[in-house]
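Remarks on the structure that follows.
The values are calculated or read from the model by the stated rules, or taken from the named source; none is laboratory data. These figures come from a predicted structure and were not determined experimentally. Counting neighbours? That spans all protein chains shown, and the Cβs are built from the backbone with ideal geometry, glycine included. Note: areas computed on protein heavy atoms with side chains; ligands, DNA, RNA excluded. Shrake-Rupley method; radii C 1.70, N 1.55, O 1.52, S 1.80 Å.
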Amino acid sequence: MKLKLFADEINKVWKSVATENIAEFPQVELELYKKILTFFQVGNYFYYIFNFKDREFELISDGVETVLGHMPSDFTIDFYLDIIHPDDRPYFLSFESYTAQFLPQMPPDKIIKYKVRSDYRIKKKNGDYIRVMHQALTIQFEDNGTVARSLGVLTDITHLKPDGKPVLSYIGMEGEPSYLDVDVKSMFIDSQETLTQREKQVLRLLVEGKASKEIGAILNISKQTVDTHRKNMLNKNNLSNTGELIAKAIRQGWI
């Protein structure tokens, strides 16, 4: 997709959901959301605050230099759209368009309980493309569903998903249902989760690189019980090893 068409259309989408009234974002809340972003990263990452009304990044973390080789001051919206892989721009646009319909249909108290998750390729300063997992949370919005700001994190997952088409998921938190690998041409279908709560706890710690003995100590269960949970997760999903399990968990949005 040509950059000008892509940029024009994505700005229309963002404008359609933006509130006209936007207040200064309290620093104390920003610090809270920074802490949230430290949970559960599986590679190098950086985060941002996006202002929908002005359609600009208000903050870019220093991690962008590690992930992409660019300084935070380089990372404007126009620059960001430009370095998304041309073949993935239609997916990005479709995902943003559907999200603009998905979130406003919810009661206001549920909007902040959903994490939007997708993946696509983006170009580094050296010209190489990597695949990033893009997670975003609405952090300021109006009762009418219009959005003021979102918090996003982009994580390098090239080692987990070196190829394949981009996918979109809506991850429900605090007991809300998730919508995984959404087909943007069809209605949303509730995901059928295969993992128990305890299995998810074990899986999160596996993603952090912890061994079975460490996980057992953290969860106050035996190493043998941890190994049983690992085996059960592999069997449920017809997988051969923990690496495949972690990769699938990231792709499917289980964690």
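Listing for the model above:
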read-out	value
Selection count where residues are under 18 Å from T19 (Cβ atoms) and buried (at least 17 other Cβ atoms within 10 Å of the Cβ), scope the range 56-101	5
Qualifying residue in the range 130-148 (condition: in a helix (DSSP H, G or I), open to solvent by 60 Å² or more (accessible area, probe 1.4 Å), at negative phi and not polar (S, T, N, Q))	no
Total residues in the range 94-122, condition among the acidic types (D, E), part of a helix (DSSP H, G or I) and in contact (Cβ under 8 Å) with a residue 24 or more places away in the chain	1
One residue from K125, K53 being more than 29 Å from A249 (Cβ to Cβ), open to solvent by 10 Å² or more (accessible area, probe 1.4 Å), in contact with an Asp or Glu (Cβ under 7 Å, 6 or more places away or on another chain) and outside any helix (DSSP H, G or I)	K53
Set P104, P72, P86, P108: member being in the same structural domain as E174 (by the TED database), more than 28 Å from A247 (Cβ to Cβ) and modelled with pLDDT of 90 or more	P72
Scope the range 199-245; condition in contact (Cβ under 8 Å) with a residue 24 or more places away in the chain, of a type in the set (K, R) and surrounded by 14 or more Cβ atoms within 10 Å (Cβ to Cβ); matching residues	K200, R204, R230
Number of positions in the range 125-143 that are touching a residue at least 24 places away in the same chain (Cβ under 8 Å) and over 14 Å from T99 (Cα atoms)	12
Hits in the range 67-93 - residues which are under 18 Å from the mean Cα position of the chain (by Cα) and outside any helix (DSSP H, G or I)	I84, H85, D88
